[in-house]
Amino acid sequence: MSYQVLARKWRPKVFDDLVGQDHVVQALRHALSSDRLHHAYLFTGTRGVGKTTIARILAKALNCEQGVTANPCPSCSTCVEIDEGRSVDLIEVDAASRTKVEDTRELLENVQYAPTRSRFKVYLIDEVHMLSSHSFNALLKTLEEPPAHVKFLLATTDPQKLPATVLSRCLQFSLKNMSAERVVDHLGKVLDAENIPYDDAALWQLGRAADGSMRDALSLTDQAIAFGGGSLEESSVNELLGTVDRSHIHSLLDALNRGDMQELLRLSASMAELGVNFVAAVDELCSILHRCAVSQALPEALDKSQSDAKTIVALARQLTAEDVQLFYELAQRERSMVLGAADPKAAFEMLLLRLHAFRPVAVLDTAMDASAFAAVPTASSKDAETSSVGENSPVESDSGTVSSARLDKAATREPVALADPEPGEISRGKKSEPPSAARASPDAARAERSSARTETSALRKTAAEKSVGVSEWHEVLDALSLRGSVASIASHCVLQSREGAEWNLRLDERHAQLFSDRHTEQLAAALSQLLEESIKIHISVGVVSDETPAARTQRLTEERLAAAEREIESDPRVAQLLSEFEGTLVTGSVTVDRH
């Protein structure tokens, strides 16, 4: 006996065998069981989702020798004839090849005659949207009021092309596309029954390539079995489909996270040698980034059944949420560039370069209004701090004494370059500020930087020799010179305790959405460099009752603003202006110079 392809061999014979169309099966079962049968049914959906299969099962349910039933038997002569395609009372018509009105009239000439040996004469018209407008007109009257022994079953992939007059005469059922998970589950059962060895990863590649069609999935499986010599392996399926091995994308994201441009270009060249479709590579990159975002936002929602689930979880921990979001948006935007490029490899490498170049280096946290400029020391902030604690007085704590001068911001920050005056300022007669000593004399600038480095080294040694108090975390944070998301995370922490080289921090749970293990590593590295010893950081998330550095900065800023407003209100010149011009002072319009 000749070989029968999987798509035909495993075509469902009864409603119980159907996959993924439960809403249609339920409606038909209830109609058959309660004898509420319509004379015309329309099944719509993309290719390979079961339109014709459901129509044939319905024809068997209508004509089964055991009676009209929701569970037709597979053994009576009528059911066997329908399965074998030789039933005289099931008239299957391919509308794509019989579009003329004469064909439709010829078909309808025998409608009035009773079925030969079955209960109903069933007309199954496939791709009905291909009929001409004259053919539809010829069909309308019979379709609306057919003889009692006639049932019409129509199937189409494009219901928009059907006239409204036809749609109104039918019960329409829209079949769904198959999800990749459902396709993979069904393929596993088929291959187990066929005793064919397979990899789960290979089935996922086939499930995604099928694009919602079970027939396409089975046809691709047949092809993959032949290509792989009787088995399904991920490597052979990738080679057959021309798809991207996910390990390449995982490696690309890992190299992006590490900023290793040499590795990125090496991986791109390796993919080109394998003949990878770079548009498919961008699609796979977007898919993996989407799963990383899901893992970060809601870990339990990540599909753990896929073979690379553990790798996705690991990547989600390494990448920050802003990295994932930016990478996904850039990849989606640049997909069309890769698709239309004369050299797809070069376009793909340009995408990788963009992902590396535009990776966020700072995080704007809307919840911390003033902490964005906490790194810049100002005279006003020093005055505010001096008013509560003397600038040169030591701060006592349970664990030891550290003077604020040891962790002064100016000792660890790089000098801020002054901006050049606008070109138009000189012509308008404005006088620019005199240049600083550093800008006026390169030797003086070098001497200043050398002095700052010497002072920083001395401060680090002093900080390493003595213990740091819990209440002084904001001073430690100022000395660390952190940037980006790790600075934002650290500013929302409080130092709970310190036991030797182990520092225990608590992160405010309201600002934990961007927190990842990478922040802990970066903070520990910065603190180890500052204190010149190996420091271990433990960060727990929870409710914080003490004042965090971000909250402290915001409080000091608000106090400075309030003081500035009181000073303006008490100024006699301002009071005179308000009196003469009947003006009012707009609260909230006052700003404090942060520089």
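Quick notes on this structure:
- Test: residue in region 318-339 that is in contact (Cβ under 8 Å) with a residue 60 or more places away in the chain and on the phi > 0 side of the Ramachandran plot: no
- Remark: pairs (first residue in region 73-85, among the small types (G, A, S); second residue surrounded by 14 or more Cβ atoms within 10 Å (Cβ to Cβ) and part of a loop (DSSP other than H, G, I, E, B); Cβ separation under 9 Å; 6+ apart in sequence or on different chains) = S77/E65.
- Scanning region 1-38 for residues that are more than 24 Å from T221 (Cβ to Cβ) and basic (K, R), we see that the one that is surrounded by the fewest Cβ atoms within 10 Å (Cβ to Cβ) is R36.
- Count of region 216-270 residues which are part of a loop (DSSP other than H, G, I, E, B) and among the polar types (S, T, N, Q): 2
- Filter result for the condition that a residue is in a helix (DSSP H, G or I) and open to solvent by less than 30 Å² (accessible area, probe 1.4 Å), over A525, A490: A490
- Within region 59-82, the set of residues being polar (S, T, N, Q) and surrounded by 12 or more Cβ atoms within 10 Å (Cβ to Cβ) comprises N63, Q66, T69, N71, T78.
- Qualifying residue in region 111-131 (condition: out of contact with any Asp or Glu (no Cβ under 8 Å at 6 or more places or on another chain) and more than 30 Å from E65 (Cβ to Cβ)): yes
- So S174, is it of a type in the set (S, T, Y), modelled with pLDDT under 90, at negative phi and open to solvent by 50 Å² or more (accessible area, probe 1.4 Å): no
- Scanning region 99-142 for residues that are open to solvent by less than 80 Å² (accessible area, probe 1.4 Å) and within 18 Å of K51 (Cβ to Cβ) yields V122, Y123, L124, I125, D126, E127, V128, H129, L131.
- Residue match in region 42-51 (condition: within 46 Å of the chain's Cα centre (by Cα), surrounded by fewer than 20 Cβ atoms within 10 Å (Cβ to Cβ) and modelled with pLDDT of 90 or more): yes
Residue by residue, here is whether (1) of a type in the set (D, E); (2) over 15 Å from S491 (Cα atoms) holds:
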| site | (1), (2) |
| --- | --- |
| I537 | no, no |
| V541 | no, no |
| D546 | yes, no |
| A550 | no, no |
| R560 | no, yes |
| P572 | no, yes |
| L577 | no, yes |
| T591 | no, yes |
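- Qualifying residue in region 83-90 (condition: open to solvent by less than 10 Å² (accessible area, probe 1.4 Å) and either within 51 Å of the chain's Cα centre (by Cα) or among the hydrophobic types (A, V, I, L, M, F, W, C) (or both)): no
- Single match in L232, L326, L264, L302 (criterion: aliphatic (A, V, I, L, M), under 17 Å from L355 (Cβ atoms) and open to solvent by less than 30 Å² (accessible area, probe 1.4 Å)): L264
The values are calculated or read from the model by the stated rules, or taken from the named source; none is laboratory data. Quick caveat: nothing in here was measured; it's all calculated off a predicted structure. FYI the Cβ positions are ideal-geometry reconstructions off the backbone, even for glycines, and counts take in every protein chain you see. For accessibility, only protein heavy atoms count, side chains too; no ligands or nucleic acids. Shrake-Rupley method; radii C 1.70, N 1.55, O 1.52, S 1.80 Å.
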